[in-house]
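First comes the structure, then the notes that go with it.
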Amino acid sequence: MARILLGVSGGIAAYKALELVRLATAAGHTMRAVQTPTSTRFVGEASFAALTGAPVLIDEFQEDSWRGAFPGEESPAHRPLSHLQLVANADLFVIAPASANTIAKLTHGLADNLLTACALAAKCPIVVAPAMNNNMYESPAVQANLELLRARGIRIVDPETGRLASIGEQGVGRLAEPARLLSVCEDVLADPSVRAMPGAPPPSDAQRTGGGTNSARPQHDAGEWSGLRVLVTAGGTREPIDSVRFVGNSSSGRMGVALARAAHARGADVTLIAANVSLQPPEGVRTFAVKTARELMSACEEEFGRCDVLLMAAAVADFRPVQPLEGKVKKQGRERLRIELEPTCDVLRTLAAQRRSNQTLIGFAAEHGASGAEEARRKLEEKGLDAIVLNDIARADIGFESELNEVAIIARSGTQPVAKAPKSAVADAILDAVIELRNSA
Ligand SMILES: Cc1cc2nc3c(=O)[nH]c(=O)nc-3n(C[C@H](O)[C@H](O)[C@H](O)COP(=O)(O)O)c2cc1C
C-alpha cells in the first residue's frame, strides 16, 4: 500500500477530503495531510489529524513531531525540513480540493506556504482535484493554468457537474467524489510513467519496480504471488441486435481491472480479458479486448490452460439475439420489433469442466437481495468452483458502475463478508482469499 500526502486548500469542498482520507486509509494506504492556512477556516486540522492518525502541518516553520514520517514508520533522528521530507517520503501527493488560488500558484511555481512548497519539491506524482464555483472554473485563467499543469504531467481530476456550494447554483466545479479521487490516485500509483512537477526526474527504478522505500505495492504474501499466472475477465459482453445496437449490461469493468492491478502489484503474471471496458488497462498487464460472449469464450479457452488462478469478474450475457439484423434497423414502418434470444455458452462452466486440480477458479455472482447467497452456492457447486464472490445488485450504492463494492466470498468452507470499500480494497480481500484457498487445497 502507498503513502499518500494530502494537500488541502481553501474551499467548501475541504470537508470531502476527510472522506478521501477515510476511504484511502480503509484501503490500507497511510496518509499525512498539509493544509493551507485558508483551508483551516473550512475544516480544522484536528479532523485531518484524527483520520490520518498523524500530525497535520499548516506552516512551514511549524515543528513536525513526526519529522516527515508516515504512520507506522520510525521518525528519523535528525530534523528534516517538512516541505522537503513529506514529499520525499510520499508515493503520491494529492491536492484536494485545489482552489483556483492554489492552482495558479502551482502553475507559476510559487512556494509561499507549506502546500505549494511541497508541490514544488515533489518528485512523486501529483494529482490535483479542482473545486470551485463554475464561473471561476470556466474562467480562461483557471483553464489555462490547468492545461499547463496537465502538460507537465500532473494528473487533473476533472470536477463534476451538479449543485454547487452557493444556494441555488448549479454547474461544473464540484469536487470529484472521494471514491473517484481514490481510484484515480491508485491508477496513478500503478502507472510509473506518470511524471511529477516540471524539472523532476522520472521515477527511479526502485519506484518503477515497487522496490525501495516508496513502494506502492502491498508487501504481504508477495512470494506466494510471484510468477503465479492469473487470468482475469472484466466488463460486460455486448450481443449485437443490429450493426449499432446490442443486448448488454452495465458492468464497467472496475472490479476486474482492480483485481488485475492488485494481482500484478503482488508479482503475478496477469492476463486481462476485457469486455467493452473503457478504463485504462493496468500497466504491465497483458490485455485483450473482446466484445461478445463468444469472443470472451474463445479468448478464455485460449488462455485458461496456462493460468493458475481464474478470476471471472466479467458479466457475460446469458442470452443473445439468434440472428443479428443487417445494418441499422429503421423504426419507420414497424409497429413492433421482435428479437428472438438464445442462451449463450456458459463460459465458467465450460472452463471448469476442463480444469486441472491445481487451478483455483473464482466466479462472481451479481444477484438480487436475500436469495442471492443461496443462488451463489448453487452456482459454486454446479460449476465446480473454489469460491464465488457475491454482490447484491439490488443496492444502488455498490457494484456495477460504482467505485465501491461490498461482497461476500462464498467458499465450501464458509462465507467471508467483505465490508463496503473501494474496489481496490475488495480486490485485495479476494486475492487474500485466493491464497488461503490454494494453501488449504
Ligand atoms: C465561503 C467561501 C468559499 C470559498 N470556496 C472556494 C472554492 O470552493 N474554491 C476556490 O477556489 N475558492 C474558494 N474560495 C476562495 C478561497 O478561499 C480563496 O481564493 C483563498 O485565497 C484560497 O486560499 P488557498 O488556495 O491558499 O487555500 C472561497 C471563499 C469563501 C469565503
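A few remarks follow.
- Checked against the criterion of being over 23 Å from Arg22 (Cα atoms), assigned by TED's automatic domain parsing to the domain that holds Pro125 and in contact with a Gly (Cβ under 8 Å, 6 or more places away or on another chain), the candidates Ser99, Ser82, Ser39 yield just one match: Ser82.
- The listed residue being within 26 Å of Gly256 (Cα to Cα) and open to solvent by 50 Å² or more (accessible area, probe 1.4 Å), out of Asp112, Asp187, Asp158: Asp158
- Scoring Phe42 on the criteria (1) modelled with pLDDT of 95 or more; (2) more than 16 Å from the ligand (Cβ to nearest atom); (3) over 30 Å from Ala151 (Cα atoms) leaves a single failure, condition (2).
- Of all residues in the stretch 268-291, one or more are over 21 Å from the mean Cα position of the chain (by Cα) and of a type in the set (A, V, I, L, M).
- Test result for Val56, modelled with pLDDT of 95 or more, open to solvent by less than 40 Å² (accessible area, probe 1.4 Å), within 13 Å of the ligand (Cβ to nearest atom) and of a type outside the set (Ser, Thr, Tyr): no
- Of the residues making up the stretch 100-129, those that are near the ligand (Cβ under 8 Å from one of its atoms) and in contact with an Asp or Glu (Cβ under 8 Å, 6 or more places away or on another chain) are Lys105, Asn113.
- Test set (1) part of a helix (DSSP H, G or I); (2) farther than 19 Å from Gly235 by Cα; (3) open to solvent by 90 Å² or more (accessible area, probe 1.4 Å) - Glu302 fails condition number: (2)
- Of all residues making up the stretch 321-367, the number that are hydroxyl-bearing (Ser, Thr, Tyr) and closer than 27 Å to Glu406 by Cβ: 1
- Of the residues examined, Glu138 is not one that is at pLDDT below 90 and either on the phi < 0 side of the Ramachandran plot or within 19 Å of the chain's Cα centre (by Cα) (or both).
- Residue check, Pro37 over 30 Å from Lys420 (Cβ atoms), within 16 Å of the ligand (Cβ to nearest atom) and surrounded by fewer than 23 Cβ atoms within 10 Å (Cβ to Cβ): yes
- Flag if Ser65 is crowded, with 17+ Cβ neighbours inside 10 Å, over 24 Å from Ala131 (Cβ atoms) and of a type in the set (Ser, Thr, Tyr): no
- The conditions of being under 19 Å from Ser424 (Cα atoms), modelled with pLDDT of 95 or more and surrounded by 23 or more Cβ atoms within 10 Å (Cβ to Cβ) are met by Gly235.
- Filter result for Val43 (assigned to a loop (DSSP other than H, G, I, E, B) and closer than 25 Å to Val172 by Cβ): yes
- Among the residues making up the stretch 132-155, those that are open to solvent by less than 60 Å² (accessible area, probe 1.4 Å), aliphatic (A, V, I, L, M) and within 13 Å of the ligand (Cβ to nearest atom) are Met132, Val142, Leu146.
- Taken together, Ala17, Ala13, Ala27 contain a single residue that is within 16 Å of the ligand (Cβ to nearest atom), surrounded by 15 or more Cβ atoms within 10 Å (Cβ to Cβ) and under 23 Å from Ala190 (Cβ atoms), which is Ala17.
- Within the stretch 100-116, residues that are farther than 20 Å from Gln85 by Cβ and touching a residue at least 24 places away in the same chain (Cβ under 8 Å) sit with their Cβ atoms under 8 Å from residues that are outside any helix (DSSP H, G or I) and within 8 Å of the ligand (Cβ to nearest atom), at 6+ positions apart or across chains, in these pairs: Ala100/Pro130; Ala100/Met132; Asn101/Ser9; Asn101/Gly10; Thr102/Ser9; Thr102/Gly10; Thr102/Thr36; Ile103/Pro130.
- Within the stretch 70-109, being in a loop (DSSP other than H, G, I, E, B), surrounded by fewer than 24 Cβ atoms within 10 Å (Cβ to Cβ) and among the aliphatic types (A, V, I, L, M) holds for Ala77, Leu81.
The values are calculated or read from the model by the stated rules, or taken from the named source; none is laboratory data. The model shown is predicted, which means the values in this text are computed figures rather than measured ones. Positions of Cβ are generated from backbone atoms using ideal geometry, with glycine treated the same way; all protein chains shown enter the neighbour counts. Accessible surface areas use protein heavy atoms only, side chains included; no ligands, DNA or RNA. Shrake-Rupley method; radii C 1.70, N 1.55, O 1.52, S 1.80 Å.
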